[in-house]
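S.K.: This is the structure, below, for whatever I ask next.
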Amino acid sequence: MKRLVLKFGGTSVGTTDRIKKVANIVKNRHQEGNEIIVIVSAMAGTTNDLKEKSNLISKNFESKELDVLLSSGEQVSSSLLSGALIDKGVKSRSWLGWQIPIVTDNNHTASQIIQIKTDEILKFISDGGVAVIAGFQGITKNGRITTLGRGGSDLSAVAIAKFFETDSCEIYTDVEGVLTTDPNIHEKAKKIEKISYEEMLEMSSLGAKVMQPGAVQASMIEDIPIHVRSTFSDKPGTKIISESEIDYKKTVTGIAYSKNNAKISIVGVVDKPGVAADVFEPIGKNNINIDMVIQNTSLDGKTANITFTIKQEDLKKTLNIIEENKQIINYKKITHNDKLAMVSIIGAGMIASPGVTHKMFRSLANEQINILAISTSEIKISVLILEDMTKKAVKILHKTFELN
Ligand code: ASP
Ligand code: MG
């Protein structure tokens, strides 16, 4: 007998008909003789609707109350699925985060799971019941409801797999698995059979939306293999596993992109220790995420320019912060661009094959795509380009690295 975690995303439980379909999948897996814990997201669109309501009340809606509000979406879907299972003759019960409890820290709207109590649910599933757990939510030691960040039911699934020591963690979604790139911008996107935790972490952080980056990171740290698969077909999906279990035949595994990036250049700062810290400290304190950073020294060696990228939505705020700190940073001028995209090639196969960098740059150049900034790691190369070049760049890179 195996113990499985099956997580169903928002589209998979998006309508009552789909919930009935999910109940059939769960029923079948249960009848195969497995112990089953199901995690559900809110029905598609629900969390966004709730968030919008809070915005209508206040732009600074209190985070503790926001968590109470947002977590209600998963209360609805977990009860509907459990009810559907009972209707099909399967013993089932829903659990909300606080009922288990799933204990988190008190970093509201982006909490981390600390502990999950297992005895009650273990008894229920060993007695033949299917446990349905509301994803995305927990409770603090002080009894306040928390949520795990957008897309956080993926993290719930990984954490449940860990604390319940399950044999598998399956993420059911509306695509056939993790694809080589976004099928909405390239029709040649193909399912990846196996991908390492590290590659998946890059893919999801750099724009692929199948899984929450935090959940991928947790699975990597705990070495919990994940199977991302479709709710709407029986075919195997993508296995996210340890790199050592993959035999790399290609240098690049996938291509990710993110739009809505902006770039700021601070021109003419003094080239001495502490300047970069002076620039990024106030930005970091305001919770603004920085992506790429480039510093170059001027010819005289006395001044430098610092260029970095952020999300477009943070541009105004970041410019204000820099201007407010003009005295401390001491720069000549700032320039900025928006409507930029970051396109990345990702692949552990890159480690062992030289020449990937120039191949990437040459193929972009052949398409007249100008590179504004570059950042690399062992398993990825990202370039910053004009946003309206995204599709062209993804297509040519997909072809260059033999993913078509
Ligand atoms: N319902 C939450 C969200 O939309 C959590 C999730 O779906 O994973 O972000
Ligand atoms: Mg999701």
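S.K.: If I fit a long axis through the Cα atoms of helix 213-222 and take the longest principal axis of the Cα atoms of the chain, what angle between them do I get, 0 to 90°, rounded to 10?
M.R.: Roughly 70 degrees between the two axes.
S.K.: Something else now. Of the candidates Arg362, Arg229, Arg93, which one comes out as most mobile in a Gaussian network treatment of the chain with C-alpha springs shorter than 10 Å?
M.R.: Arg362
S.K.: Computing the accessible area with a 1.4 Å probe over protein heavy atoms, can you report the carbon and sulfur percentage for the chain?
M.R.: Numbers: 9280 of 19220 Å².
Answer for the chain is 48 percent, counting heavy atoms of protein chains only.
S.K.: What number in nm² do you get for segment 301-404 if you take the convex hull of its Cα atoms and divide its surface by four?
M.R.: Working: hull surface 35.1 nm².
Its average projected convex-hull area is 8.8 nm².
S.K.: While we're here: Placing unit charges on C-beta atoms (Lys and Arg positive, Asp and Glu negative, everything else neutral), compute the dipole magnitude of segment 253-296 about its Cα centre in debye, rounded to 20.
M.R.: Values: 4 positive and 4 negative charges, 30 e Å.
The dipole magnitude comes to about 140 debye.
S.K.: I need the fraction of alpha carbon pairs in the chain separated by more than 25 Å, rounded to a whole percent.
M.R.: Values: 50410 of 81406 pairs.
Result for the distance tail: 62 percent.
S.K.: How large is log10 I(q)/I(0) at q = 0.10, 0.15 Å⁻¹ when the Debye formula is applied to the Cα atoms of segment 33-145, each weighted equally and without solvent?
M.R.: -0.32, -0.68
S.K.: Rg/Rh for segment 243-357 to two decimals, with Rh computed the Kirkwood way over all alpha-carbon pairs.
M.R.: Values: Rg = 17.7 Å, Rh = 16.2 Å.
Rounded to two decimals, Rg/Rh equals 1.09.
S.K.: Between Ala110 and Gln327, what is the spin-label point distance in nm, taking each point 7 Å from the Cα along the Cα→C-beta axis?
M.R.: Roughly 3.0 nm, to one decimal.
S.K.: Next question. If you place +1 on the Cβ of every Lys and Arg, -1 on the Cβ of every Asp and Glu, and leave all else neutral, what size is the dipole of segment 96-184 about its Cα centre, to the nearest 20 Debye?
M.R.: Numbers: 6 positive and 11 negative charges, 109 e Å.
It comes to approximately 520 debye.
S.K.: Additional query: Could you identify which residue out of Leu299, Leu122, Leu66 has the top mean-square fluctuation in a GNM of the chain using Cα springs shorter than 10 Å?
M.R.: Leu299
S.K.: Do you know the relative contact order of the chain, to the nearest whole percent, from alpha carbon pairs under 8 angstrom that are 6+ apart?
M.R.: Details: 860 pairs, mean separation 54.7, N = 404.
Contact order relative to length: 14 percent.
S.K.: Now for a different question. Could you grab the Rg to Rh ratio for segment 114-186? Cα atoms only, Kirkwood for Rh. Walk me through the intermediate numbers first.
M.R.: On the way: Rg = 15.5 Å, Rh = 14.6 Å.
Result: Rg/Rh = 1.06.
S.K.: Rounded, prolate or oblate, given the Cα gyration tensor of segment 211-259, with a/c below 1.5 counting as rounded? Write out the running numbers ahead of the final one.
M.R.: Numbers: a/c = 1.11, a/b = 1.08, b/c = 1.03.
Rounded, because the longest to shortest axis ratio a/c is under 1.5.
S.K.: Give me the net charge of Arg29's neighbourhood, meaning all other residues with Cβ under 15 Å from the Cβ of Arg29; Lys, Arg count +1, Asp, Glu -1.
M.R.: Working: positive: Lys2, Arg3, Lys7, Lys21, Lys27, Lys88, Lys91, Arg229; negative: Glu32, Glu35, Asp167, Glu170, Asp234.
It works out to a net charge of +3.
S.K.: What does the convex hull of the alpha-carbon atoms of segment 173-325 project to on average, in nm²? List each step's numbers first, then the result.
M.R.: Working: hull surface 49.7 nm².
Its average projected convex-hull area is 12.4 nm².
S.K.: If the only charges are +1 at each Lys and Arg Cβ and -1 at each Asp and Glu Cβ, what is the size of the charge dipole of segment 158-211 around the Cα centre, to the nearest 20 debye?
M.R.: Values: 6 positive and 11 negative charges, 25 e Å.
Dipole of segment 158-211, to the nearest 20 debye: 120 debye.
S.K.: Any idea what angle helix 315-324 forms with the longest principal axis of the chain, computed on alpha-carbon atoms, 0 to 90 degrees, nearest 10?
M.R.: Here the helix axis deviates by roughly 50 degrees.
S.K.: Taking all pairs of distinct Cα atoms, average 1/r, flip it, and tell me the Kirkwood hydrodynamic radius of segment 184-271 in Å to one decimal place.
M.R.: Values: mean 1/r = 0.0663 Å⁻¹.
Over segment 184-271, the inverse of the mean reciprocal pair distance is 15.1 Å.
S.K.: Relative to the present Cα-Cα distance, how much length would full extension add between Asp234 and Ser363 at 0.36 nm per residue of separation? Display every interim value, and only then the final one.
M.R.: Values: separation 129, 0.36 × 129 = 46.44 nm, distance 3.74 nm.
Here the segment from Asp234 to Ser363 would lengthen by 42.7 nm.
S.K.: Continuing with the same structure: In a shell of Cβ-Cβ distance under 14 Å around Ser363, excluding Ser363 itself, what net charge do Lys and Arg (+1) and Asp and Glu (-1) give? Please list the in-between numbers first.
M.R.: Numbers: positive: Lys359, Arg362, Lys392, Lys395, Lys399; negative: Glu367, Glu402.
Once all neighbours under 14 Å are counted, the net charge is +3.
S.K.: Further question: Using a Gaussian network for the chain with springs between C-alpha atoms less than 10 Å apart, which of these wobbles most: Phe61, Phe164, Phe136?
M.R.: So, out of Phe61, Phe164, Phe136, the one fluctuating most is Phe61.
S.K.: Taking Cα atoms, how many degrees apart are the long axis of helix 46-57 and the longest axis of the chain, rounded to 10 and kept between 0 and 90?
M.R.: 60 degrees
S.K.: First select every other residue whose beta carbon is under 14 angstrom from the beta carbon of Leu384; then total the charges, Lys and Arg +1, Asp and Glu -1. Numbers along the way, then the final one.
M.R.: On the way: positive: Lys259, Lys263, Lys311, Lys339, Lys380; negative: Asp291, Asp338, Glu387, Asp388.
In short, +1.
S.K.: Next question. Calculate I(q)/I(0) for segment 237-284 by the Debye formula, one identical point scatterer on each C-alpha and no solvent, and give its log10 at q = 0.14, 0.21 Å⁻¹ to two decimals.
M.R.: -0.71, -0.85
S.K.: Please give the calculated 222 nm ellipticity per residue for the chain, where each DSSP H segment of at least 4 residues contributes -39500 (n - 2.57) and the sum is spread over every residue; nearest 500 deg cm²/dmol? Intermediate results must be reported in sequence, preceding the final value.
M.R.: Working: 12 runs with 138 residues, N = 404.
Taken over the chain, the calculation gives -10500 deg cm²/dmol.
S.K.: Using only Cα atoms, locate the centre of segment 24-97 and the centre of segment 133-155, then give the distance between them in Å, rounded to an integer.
M.R.: Measuring centre to centre over Cα atoms gives 11 Å.
The values are calculated or read from the model by the stated rules, or taken from the named source; none is laboratory data. The model shown is predicted, which means the values in this text are computed figures rather than measured ones. Methodologically, a virtual Cβ is constructed for each residue, glycine included, from the backbone with ideal geometry; neighbour enumeration extends over all protein chains shown. Quick note on the areas: whole protein, heavy atoms, side chains included, nothing else; ligands and nucleic acids left out. Shrake-Rupley method; radii C 1.70, N 1.55, O 1.52, S 1.80 Å.
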